[in-house]
Amino acid sequence: MTPDNKPENTPTAATGDAAVLKLANDAIEELKGESVQVLDVSALTTIADHMLICNGRSARHVKSLGESVVTRAKQAGLKPRVEGLDQAEWVLIDLNGVVVHIMQPVSRAYYQLEKLWDLDVGDQDNADTQSTH
């Protein structure tokens, strides 16, 4: 095991999260994924170091984006775990250190993952609350 508790023989440990993140981002950019945002969540959780969140314009677009990320990951020797590809409302792809969320705009607006995982947003809300009391 490596210090970050990832098995040494995994492609993520060998290539690094930066390479996996670039792989996912390139796949999404190629098919024109929208509103791409990368969050560093390493200080918040042990499930991943980074999350990549983006929109697809429709269920078909979300599915295509997800399939593109999965295909590239497999070509790179990764073993992605995938949820939601059939429904294509919200596709989650776990690349062992990088988690990719591909969502339709309505789902992204509803779940607001950026607010959930972004410390700066939470810290700002706390500062605003404390200053009013």
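The values are calculated or read from the model by the stated rules, or taken from the named source; none is laboratory data. Predicted model only: the values in this text are computed from it and were never measured. Heads up, the Cβs are rebuilt from the backbone with ideal geometry, glycines too, and the neighbour counts pull from every protein chain shown.
Worth pointing out:
- Verdict on Lys74 being part of a loop (DSSP other than H, G, I, E, B) and farther than 14 Å from Met51 by Cα: no
- All positions within the range 1-36 that are among the β-branched types (Val, Ile, Thr), outside any helix (DSSP H, G or I) and at pLDDT 50 or above: Val36
- Count of residues meeting criterion [within 17 Å of Ala59 (Cβ to Cβ) and part of a strand (DSSP E or B)] in the range 77-99: 6
- Among residues of the range 100-133 being outside any helix (DSSP H, G or I), of a type outside the set (A, V, I, L, M) and under 22 Å from Ser42 (Cβ atoms), the one that is modelled with the lowest pLDDT is Asp118.
- Residue, farthest from Val106 (Cα to Cα), within the range 38-83, restricted to residues that are among the polar types (S, T, N, Q) and at pLDDT 95 or above: Gln75
- Selection count where residues are assigned to a helix (DSSP H, G or I) and either β-branched (Val, Ile, Thr) or at positive phi (or both), scope the range 53-71: 4
- Pair list, Cβ under 8 Å, 6 or more apart: the range 34-50 residue within 12 Å of His101 (Cα to Cα), other residue surrounded by 12 or more Cβ atoms within 10 Å (Cβ to Cβ) and of a type in the set (Phe, Trp, Tyr): Leu39/Trp117
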